[in-house]
Amino acid sequence: MKPVDVLGVRVEMPTNQPIVLLRERDGDRYLPIWIGAAEATAIAYAQQGVVPPRPLTHDLIKDIIEGLGHKVTEIRIVELKNKVFYASLVFDDNQEISARPSDAIALALRTSTEIYVAEAVLDEAGVALTPDEDDEVERFREFLDQVSAEDFDSPESPEHPDVGEIPPPKA
């Protein structure tokens with residue numbers, strides 16, 4: 001398992017689907033994962049430190065876990081099967097619960113929990129960037145500095161049926 005950092009979320013064009021971008025901490029690979037608009041908002045809120053007046057779903061889950069006297073010790077993105085990512089929440093009692101990566105990432109950001117990706121997943125779906133592409137990542141970071149969570153609210157857009165997929169290759 002390799003530790004990763006969450007760079008943030010953005011909307012991929014022309015599909016208009018949000019993507020969360022992870023970066024291998026001790027390497028040069030990036031892992032893009034398509035996610036739903038609600039999860040993109042939850043991730044963006046957590047990264048921006050937005051505290052809603054009432055808890056959103058991931059805040060509620062965090063509160064429930066803590067209220068029961070437990071904590072999430074790590075998040076693992078464990079598998080890629082049929083272009084769909086799978087994750088696990090690992091608790092302080094070594095219990096593991098399956099989760100969508102987007103939900104796991106949103107929870108990790110709220111609980112300051114480390115995120116790990118299986119080496120096989122990074123080998124299959126990770127993207128190593130050339131110096132020119134690295135400039136695009138820098139533009140992505142600049143975009144993240146200017147975007148707000150509300151930018152991902154799009155109730156009129158149809159829900160993507162395969163949330164958690166690998167984004168299609170660029171043409």
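Observations on the model:
- In this structure the amide hydrogen of Glu79, modeled in the peptide plane, comes within under 5 Å of the amide hydrogens of Tyr86, none closer than 5 places in sequence on its chain.
- Amide proton proximity set for Arg29, modelled H, under 5 Å, gap of 5+: Glu24
- Accessible area (Å², 1.4 Å probe, nearest 10) - Leu107: 10
The values are calculated or read from the model by the stated rules, or taken from the named source; none is laboratory data. Computed from a prediction, not measured in an experiment: that's the story for all the values here. The area values use the complete protein model at the heavy-atom level, side chains included, leaving out ligands, DNA and RNA. Shrake-Rupley method; radii C 1.70, N 1.55, O 1.52, S 1.80 Å.
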